[in-house]
């Protein structure tokens with residue numbers, strides 16, 4: 001049984017267009033929720049992270065998408081961005097190491113610039129088509145935020161940050177976060193951009209005075225996302 005989380009948590013991924021779009025929705029329309037969430041990076045582990053996970057008795061709960069699903073995602077994200085008046089510039093990932101940008105997030109967060117860093121990475125990846133696994137790109141983004149470029153770009157070489165990344169991945173495993181964006185509150189989970197509104201409704205229900213909380217039979221479907229559909233989520 002996954003553990004109960006009193007603080008609502010969001011697993012985000014700097015690779016995923018769905019995670020990017022959910023982040024835009026939250027920051028533009030729900031800044032109070034952004035400040036309330038615990039933000040945890042979700043990233044595909046490299047060989048070292050995989051070994052550390054195995055030694056900890058865990059296994060990453062995500063499988064690389066098929067070519068067919070990848071084609072669908074391209075089409076689906078094209079629809080979603082057009083609806084939002086956005087233009088996406090698709091990057092080309094060549095032998096990516098996702099620890100490079102995601103462990104860099106921990107450095108930025110420590111300096112109080114975590115959300116600025118996330119936004120900069122998404123802007124670079126989907127707005128400019130840049131390779132955010134390229135250390136030079138990450139250093140450039142860090143420099144633009146007033147952070148130490150070398151410290152951020154070389155975060156994946158830092159044993160302490162590797163440990164922090166391992167804790168994040170263990171959280172992914174414990175919470176059963178099989179894709180992104182993935183929202184967790186208590187024992188309740190929501191997967192995908194298409195479940196963002198349900199997650200927000202769930203938070204509002206939990207925040208409402210007891211007398212105003214709907215009867216269980218009037219809250220059909222809240223807090224559930226167990227179907228095998230796409231749900232606007234991926235890794």
Self-check item: Rough spin-label spacing in nm, given labels placed 7 Å along Cα→Cβ, for residue 29 and residue 95
Solution: 4.2 nm
Quiz item: Mean projection of the alpha-carbon convex hull of the stretch 130-189 over all orientations, in nm²?
Solution: 5.5 nm²
Practice problem: Find the centroid of the Cα atoms in the stretch 41-68 and in the stretch 90-151, then give the distance between the two in whole Å. | Solution: 20 Å
Exercise. Using only Cα atoms, find the angle between the long axis of helix 159-175 and the longest principal axis of the chain, and express it within 0 to 90 degrees, rounded to the nearest 10.
Key: 30 degrees
Exercise. Please report, to one decimal in angstroms, the Kirkwood hydrodynamic radius of the chain built from all distinct Cα-Cα pairs.
Key: 18.4 Å
Quiz item: Scattering from the C-alpha atoms of the stretch 1-82 alone, worked out with Debye: what is log10 I(q)/I(0) at q = 0.16, 0.17 1/Å?
Solution: -0.87, -0.95
Quiz item: Quick one: length gained pulling residue 140 to residue 47 fully straight, 0.36 nm per residue minus the C-alpha distance?
Solution: 30.9 nm
Exercise. Using a 10 Å cut-off on Cβ atoms, rank the peptides 185-198, 59-72 from the highest mean neighbour count down.
Key: 185-198, 59-72
Self-check item: Extension gain (nm, one decimal) between residue 206 and residue 84, 0.36 nm per residue minus Cα-Cα
Solution: 41.0 nm
Self-check item: Helix axis angle, 67-83 relative to the chain longest principal axis, alpha carbon, degrees
Solution: 70 degrees
Quiz prompt | 20 Å cut-off, amide nitrogen to a point 7 angstrom out along residue 170 Cα→Cβ, residues in the stretch 62-102 | solution = 62, 99, 102
Self-check item: With Cα atoms, 0 to 90° folded angle of helix 99-110 axis to the chain main axis
Solution: 70 degrees
Exercise. Evaluate the relative contact order of the stretch 5-218 (contact order divided by residue number), counting alpha-carbon pairs under 8 angstrom at least 6 apart; express in whole percent.
Key: 29 percent
Quiz item: Highest mean first, what order results for 166-177, 89-100 on Cβ atoms within 10 Å?
Solution: 166-177, 89-100
Self-check item: Whole-number D in µm²/s for the stretch 41-112 (Stokes-Einstein; Kirkwood sum over Cα pairs; 25 °C, 0.890 mPa s)
Solution: 162 µm²/s
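Since every read-out is calculated from the coordinates, none of them should be taken as a lab result. Note that the structure is predicted; figures quoted are calculated from it, not measured. Neighbour counts are summed over all protein chains in view; Cβ atoms, including those assigned to glycine, are modelled from backbone coordinates with ideal geometry.
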